[in-house]
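> Below are the structure tokens for one structure; questions will follow.
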Amino acid sequence: MAETTETAKFAIQSVCVYCGSRTGNKPYFAEMATELGHLIAENRMNLVYGAGSVGLMGITARAAIEKGGRVVGIIPEHLDSIEITQEGLSELHITRNMHDRKKMMFDRSDAFIVLPGGLGTLDETLEVMTWAQLSLHRKPIILLNQNNYWSPLLELINHVVDDGFASEANRALLHVVETAEDALAYLRAFNRTDTENNSNLF
């Protein structure tokens, strides 16, 4: 990894993680979140997430903090008390509503990684996919599909394309990986491209 003084030229400096505010009922969900948080920090990337201390959200954030990473939390007023905002964040932003939260998370991020989650995670993922479909951004969207958690979503996207409601290009909006290391390897590849190519990513 390049020295900190060189990071200004990198395409990927801040990574938004979408994931559940619950831990799920399988132990490997938490293990996955912990590994991802560690790797984001170890690769000197900032973590942007929904600011909660509960579920996979909190696990990912605490793992990044544990490794000395910079963690930016963004949460709307009405969830601040419900999700119990994580302590020790590098930055905390409390927005007026969910729309402002999602917009700020998007603006503060250069890429997105999707861990297991529920309806909120689905909403966030499909939204940034839709914005990419409309050519509003070209930021990488990485789906961490360990143990096939997201395979039903991939089947649905294929069904939508196959039945003519989306173009073939929509299949490529998600970069699917199986492990957290695979996700970070993909982002490191972006950061090995030259400055001219990086400037055309977004």
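Each reported figure results from applying straightforward, stated rules to the coordinates on display, with no laboratory input. Treat the numbers as computed from the prediction; the structure is a model and nothing was measured. Every residue, glycine as well, gets a Cβ built from its backbone with ideal geometry; the counts of neighbours run over all protein chains shown.
> Return the Rg/Rh value of the chain, two decimal places, where both radii are evaluated on C-alpha atoms and Rh is the Kirkwood radius.
That ratio is 0.95, to two decimals.
> Around Leu39, under 11 Å between beta carbons, what's the net of Lys plus Arg minus Asp minus Glu among the other residues? Don't jump to the answer; show the numbers that get you there.
Numbers: positive: Arg44, Lys67, Arg188; negative: Glu35, Glu42, Glu181, Asp182.
Net charge in that neighbourhood comes out at -1.
> Now, a different point. Rank by packing, highest mean first: peptides 132-145, 29-42, with packing defined as the count of other Cβ atoms within 10 Å averaged across residues.
Put in order of decreasing packing, that is 29-42, 132-145.
> Going 7 Å from the Cα of Thr179 along its beta-carbon direction, which residues of segment 128-171 have the amide nitrogen within less than 16 Å of the resulting point?
144-148
> Among DSSP beta bridges lying fully in the chain, give the percent that are antiparallel, nearest 5.
Numbers: 1 of 22 bridges.
Roughly 5 percent of the DSSP beta bridges within the chain come out antiparallel.
> While we're on this one: I need to check one value: relative contact order of segment 12-193, counting alpha carbon pairs closer than 8 Å and at least 6 residues apart, in percent.
It rounds to 23 percent for segment 12-193.
> Please work out the FRET efficiency for the pair Ala189 and Asp80, using the Cβ-Cβ distance as r and a Förster radius of 25 Å; give the result to the nearest 0.05.
After rounding, the FRET efficiency stands at 0.10.
> What ranking do Phe190, Phe165 get, fewest neighbouring Cβ atoms within 10 angstrom at the top?
Phe165, Phe190
> Something else: Among Lys67, Lys102, what is the fewest-to-most ranking by other Cβ atoms within 10 Å?
Numbers: Lys67 14, Lys102 21.
In order of increasing Cβ crowding within 10 Å: Lys67, Lys102.
> Based on the Cβ-Cβ distance from Asn158 to Tyr28, what FRET efficiency comes out when R0 is 30 Å, to the nearest 0.05?
0.75
> Ordered by packing density, taken as the mean number of other Cβ atoms within 10 Å over each peptide's residues, highest first, how do 10-22, 171-183, 146-158 rank?
Descending packing order for the listed peptides: 10-22, 171-183, 146-158.
> At 37 °C and 0.692 mPa s, grab the translational diffusion coefficient of segment 1-117 from Stokes-Einstein with a Kirkwood Rh over Cα pairs, rounded to a whole number in µm² per second. Could the numbers behind the result be given before it?
Details: Rh = 14.1 Å.
For the chosen part, D equals 234 µm²/s.
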